[in-house]
Ligand code: ATP
Ligand code: MG
């Protein structure tokens, strides 16, 4: 459960929010003040479950980071020293929720009755044998587990049970980096081990308005030069890209990917010209406007950004990138069609000077609604916007008064003619030429004559 603000406003974190003094190392008060009552109850249940199972359980990662930042985060990451899966099952039982897993890494996901998602993982140590390939893991201590993490700000943790409960664990300088707004890897091989961290670094940077630490930036640039991104599986690459496109600042992330030379390692022809950047920015703006006025047509974020990213390129480049990202053939086809439909609709709506409402509707019907922001971004003119406004508020809801059954009663035989006549009637109604049921009937009878 992430809490979204408007697309391009990263949470600019005030350093003063972060720990100031050593006495702040005790997080009991902070949890009481900042964590929702439901989640506090959950922490308590997890602690008691851990006691009963005789394991030590830690809150780790994003949850602790967000707690220190004062950003609300309702998802919990727990690491267990000891039997992780058994603990997860007992926690699910204690909260009346469900438990899924374990995965190949022994992780499980508990979803509580009130919808909280808790990732439960056994503390582990990782060894990376080859660049960009998932590691081999073995059981480890919490210290091992925190050392395998991506950035110092994500290594923060605290125990939920035991004598040190609620005391901040900060072995890798995470709270200092949080206070400074710095993203820093833990060791020089980090991006080589796992190039998805390059994407995670950019996503965090844009989300919190942080900066990459100088040395981390240099390591990232070296990782780009070594083309390690090309070694990543399509599924992992896509997961990262999709998280960006669905996050709070997709355009800023794409711009940064381009600036750092990463976009072109996803596909050699991919890049952000000033035009394409302006287009993406308009897509984001239109989505914000639509969220306020017509949230029902907003649809998913990633398809429209992905389509916009390929505007002006040969569609075969989009197809090739789709294959690289292991998108399903049908998804690739939908993207290609969505992009082409938006470009075509823009052309039609802009170039024809006086369009009847029925003609506008016929054009817009060819466009999946979630691609509307792309159309509006492609066609910044007032005329097209007015058409789309009308379409959204009125035209798309209009139906003929007559139904197929009525047409049969009027003597139209069962078959495709029914559909054609209904379309004809609808067009007349949209254009103000058949304003009553009687007028619709007259129209049908005239067509049959
Ligand atoms: P978000 O708010 O986006 O969920 P998060 O930091 O919680 O941020 P998750 O993807 O939920 O991100 O991961 C949880 C934790 O697991 C991270 O905080 C980090 O410590 C660790 N982690 C996730 N992905 C990686 C990775 N690729 N390499 C190393 N550690 C990772
Ligand atoms: Mg998380």
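The values are calculated or read from the model by the stated rules, or taken from the named source; none is laboratory data. Owing to the predicted nature of the structure, the values given are computational and were not obtained by experimental measurement. Ideal geometry is used to build each Cβ from the backbone, glycine not excepted, and the neighbour counts take in all protein chains shown.
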Elements of type helices (runs of 4 or more DSSP H) contained in the range 193-300, each with 1 or more residues being in contact with a helix residue (DSSP H, G or I) (Cβ under 7 Å, 6 or more places away or on another chain) and within 25 Å of residue 346 (Cβ to Cβ):
234-246, 250-259, 263-266, 274-293
Considering only the range 89-101, I want to know if a residue exists there that is exposed (fewer than 15 other Cβ atoms within 10 Å of the Cβ), touching a strand residue (DSSP E or B) at 6+ places or on another chain (Cβ under 7 Å) and without any contact (Cβ under 8 Å) to a residue 60 or more places away in the chain.
yes
With the condition kept exactly as written, say whether any residue in the range 161-176 is touching a strand residue (DSSP E or B) at 6+ places or on another chain (Cβ under 6 Å), outside any loop (DSSP other than H, G, I, E, B) and within 16 Å of ligand 2 (Cβ to nearest atom).
no
Residue check for residue 149: crowded, with 20+ Cβ neighbours inside 10 Å, part of a loop (DSSP other than H, G, I, E, B), at negative phi and within 16 Å of ligand 1 (Cβ to nearest atom)
yes
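Answer with yes or no whether residue 227 is at positive phi and free of Cβ contacts under 8 Å to residues at least 40 places away in the same chain.
Yes: the conditions hold for residue 227.
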Picked from the range 102-135 (must be at pLDDT below 90 and in contact with a strand residue (DSSP E or B) (Cβ under 7 Å, 6 or more places away or on another chain)), the residue farthest from residue 192 (Cα to Cα) is 106
Can you tell me which residues in the range 49-69 are more than 7 Å from ligand 1 (Cβ to nearest atom) and either within 22 Å of the chain's Cα centre (by Cα) or under 14 Å from residue 39 (Cα atoms) (or both)?
59, 64, 67, 69
Scan the range 246-263 and give yes if some residue there is surrounded by fewer than 21 Cβ atoms within 10 Å (Cβ to Cβ), at positive phi and modelled with pLDDT of 95 or more, otherwise no.
yes
Kindly evaluate residue 110 against the criterion of being surrounded by 20 or more Cβ atoms within 10 Å (Cβ to Cβ), within 15 Å of ligand 2 (Cβ to nearest atom) and farther than 30 Å from residue 176 by Cβ.
yes
